[in-house]
Amino acid sequence: MLILALKIAFLMVGLALLFNFYRLIKGPSLPDRILALDTIYINSIAILILFGLYQQSALYFEAALLIAVMGFVGTVALSKYLLRGDIME
Amino acid sequence: MKTPNKPKHNRLLPHPILTMVLWIIWLLLNNTLAPGHIVLGFILAITIPLLTTSFWPEKITLSNPWVIFKFFWVVIGDILIANIIVAKLILGPNRRLKPGFFLIELEVQHPLGISILANTISLTPGTVSCDVTADRKYLKVHALHLENKTDTIQQIKQRYEMPLIKVFESC
Amino acid sequence: MLENILAIFILIGAFFTLVGSIGLIKLPDFYMRLHGPTKATTLGVGSILVASAIYFSQSDSGISAHEVLVTLFLFITAPISAHLMAKAALHIQTPQSQKTQQK
């Protein structure tokens, strides 16, 4: 039951990642691409946690935490770049 | 969370709430309740606020814990409802959506109050906060489906802004 | 019994994640696309993390609560990044959908 649910969930999140990549490539504007990247990192957290459940190992959790932190910083830096023209003042 | 009112502790504990949060985060990060980690976490939670005092110019006091507690649960409930509403809107046909921008006049003046309000608006039904005007008077909000502007503003004011005013009026 | 609850949590989470991304490709302009990932995806990942917390709490030794950390972090940062992206989009005047009601 759990394995089946996990497999379906892998399929759904994988499909979601595919949609995000479509938006990342197609654009049309820069904020759209930032949004796509932001969604990609949140979805990769989901897929890592699912993989951790599948492998029954808590190892992947640290990677998920790091992706969450770094992804947030990345999104903020990119948005700041659009707002100001440079990142550091 | 505790709200110590004794000014005596200010030298050692400049930010009691920050100390509590750091302590809890340390224990969660290590995923343990071992005595060693409790002590180490406590030492870190005491020293880090002391070393970074200059980064936290204003003191934050939670004057009304019960209101915060109630506000927290209202927001959690609304997030769940919001997601079902947004999922329905997204999966429905595009032409039925009526997006729109509107301005909310801010009554909360405390910066932290404004940021909590903006975050709450972003997480709850069909609205994302986009910008604060430079004078901190208005919040620009985008709604995915704007049926009735005055109703939406009224609801946001009543549900989310009132408790925040109550919490932050003292500081 | 517990397995079924976990399965339900995981499927709900995956469903909301998918809905967020469908919103990302389907909606007509940037400001509307912003709604999908900020709400749906955050709740979706939150739900999956809750499932993970329950699973590791009952299988390993003791309670596993550090998933709460990621969930909290996501719920705090998602609106902030959405706000910044919207601000940036307004700043460089990203085109809006024709139907958008102003002010």
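Give the average, rounded to an integer, of partner chain Cβ atoms located within 10 angstrom of each Cβ in A:23-35.
Partner-chain Cβ atoms within 10 Å, mean over residues of A:23-35: 5.
I'd like the carbon and sulfur percentage of the solvent accessible area for the stretch B:19-85, probe radius 1.4 Å, heavy atoms only, ligands and nucleic acids excluded.
Working: 3620 of 4350 Å².
Roughly 83 percent, rounded to a whole number.
P(r) for the stretch B:7-55: what percent of alpha-carbon pairs falls in each 5 Å bin, starting at zero?
With 5 Å bins starting at 0, P(r) equals 5, 23, 30, 20, 13, 7, 2.
Over the alpha-carbon set of the stretch C:1-61, work out the extent along each principal axis and list the three values in angstrom, largest first.
On the principal axes, the stretch C:1-61 reaches 48, 18, 11 Å in Cα extent.
Obtain the nm distance between the two label points defined at residue A:18 and residue B:105 by a simple spin-label model: each point lies 7 Å from its Cα along the Cα-to-C-beta direction.
Once both label points are built, they end up 5.1 nm from each other.
With +1 on each Lys and Arg Cβ and -1 on each Asp and Glu Cβ, and nothing else charged, work out how big the dipole of chain A is about its Cα centre, in Debye to the nearest 20.
Computed about the Cα centre, the dipole is about 260 debye.
At 222 nm, what helix-only mean residue ellipticity would chain C give, in deg cm²/dmol to the nearest 500, using -39500 (n - 2.57) for each DSSP H run of four or more?
So the calculated ellipticity at 222 nm is -23500 deg cm²/dmol.
Take every Cα pair under 8 Å in the stretch A:2-84 that's 6+ residues apart, average their separations, divide by the length, and report that relative contact order as a whole percent.
28
With a 1.4 Å probe and all protein chains kept in place, how much accessible area does residue C:31 have, in Å² rounded to the nearest 10?
0
At a threshold of 8 angstrom on Cα-Cα distance, excluding pairs fewer than six apart, so keeping six or more, what relative contact order does chain B reach in percent? Walk me through the numbers before you get to the answer.
Details: 174 pairs, mean separation 37.6, N = 171.
Contact order relative to length: 22 percent.
In chain B, which whole DSSP H runs stretch at least 15 Å along their own axis (Cα) and average -0.5 or higher on the Kyte-Doolittle scale?
Span-like helices in chain B: B:16-30, B:35-51, B:65-91, B:111-123.
Calculate the FRET efficiency for residue B:46 and residue B:73 from the Cβ-Cβ distance with a Förster distance of 45 Å, rounded to the nearest 0.05.
0.90
For B:95-105, what's the mean count of beta carbons from other chains sitting within 10 Å of each residue's beta carbon?
Values: counts 2, 0, 6, 4, 11, 8, 7, 3, 1, 0, 0.
The per-residue average across the peptide is 4.
Would you compute the Debye intensity of chain B from its alpha-carbon atoms alone, equal scatterers and no solvent, and pass along log10 I(q)/I(0) at q = 0.13 Å⁻¹ to two decimals?
Evaluating at q = 0.13 Å⁻¹ gives log10 I(q)/I(0) of -0.80.
What average number of partner chain Cβ atoms lie no more than 10 Å from the Cβ of the residues making up B:73-79? Mind dumping the intermediate values first?
On the way: counts 0, 0, 1, 1, 0, 0, 5.
Whole-number average of other-chain Cβ neighbours for B:73-79 is 1.
Put B:23, B:56, B:66 in order of accessible area, largest first, 1.4 Å probe: what do you get?
Details: B:23 70, B:56 115, B:66 160 Å².
Solvent-accessible surface, decreasing: B:66, B:56, B:23.
For the full complex of protein chains and a 1.4 angstrom probe, list A:23, B:136, B:95 by accessible area with the highest value first.
Descending order: B:95, B:136, A:23.
Probe radius 1.4 Å, ligands and nucleic acids left out: which of B:18, A:11, C:24 has the largest accessible area, and how do the rest follow?
Most to least solvent-accessible, the answer reads A:11, B:18, C:24.
I'd like the orientation of helix C:67-91 relative to chain C: the angle between its Cα long axis and the longest Cα principal axis, in ° from 0 to 90, rounded to 10.
10
Let me spell out the model: positive unit charges on the Cβ of Lys and Arg, negative unit charges on the Cβ of Asp and Glu, origin at the Cα centre of chain C. What dipole size does that give, in debye rounded to 20?
That gives chain C a dipole magnitude of about 660 debye.
log10 I(q)/I(0), Debye, Cα-only the protein assembly as shown, no solvent, q = 0.06, 0.09, 0.10, 0.14 Å⁻¹?
-0.23, -0.54, -0.67, -1.28
Need one value: the accessible area of residue B:162 in square angstrom, 1.4 angstrom probe, rounded to the nearest 10.
Accessible area of residue B:162: about 100 Å².
Can you pull out the buried accessible area for chains A and C, both sides counted, probe 1.4 Å, rounded to the nearest 100 Å²?
By this definition, chains A and C bury close to 4100 Å².
Could you tell me the calculated FRET efficiency between residue B:66 and residue C:76, based on Cβ-Cβ distance and R0 = 25 angstrom, to the nearest 0.05? Could you put the intermediate results ahead of the total?
On the way: r = 22 Å, r/R0 = 0.89.
Efficiency at R0 = 25 Å is approximately 0.65.
Please report the accessible area of residue A:33 (heavy atoms, 1.4 Å probe, ligands and nucleic acids excluded) in Å², nearest 10.
Counting only protein heavy atoms, residue A:33 exposes about 80 Å² to solvent.
The values are calculated or read from the model by the stated rules, or taken from the named source; none is laboratory data. From a predicted model like this one, the values you see are computed outputs, not experimental measurements. Backbone-built Cβ (ideal geometry, glycine too); neighbour counts: all protein chains shown. For the accessible areas, the whole protein counts, side chains as well, though only heavy atoms, and no ligand, DNA or RNA atoms are used. Shrake-Rupley method; radii C 1.70, N 1.55, O 1.52, S 1.80 Å.
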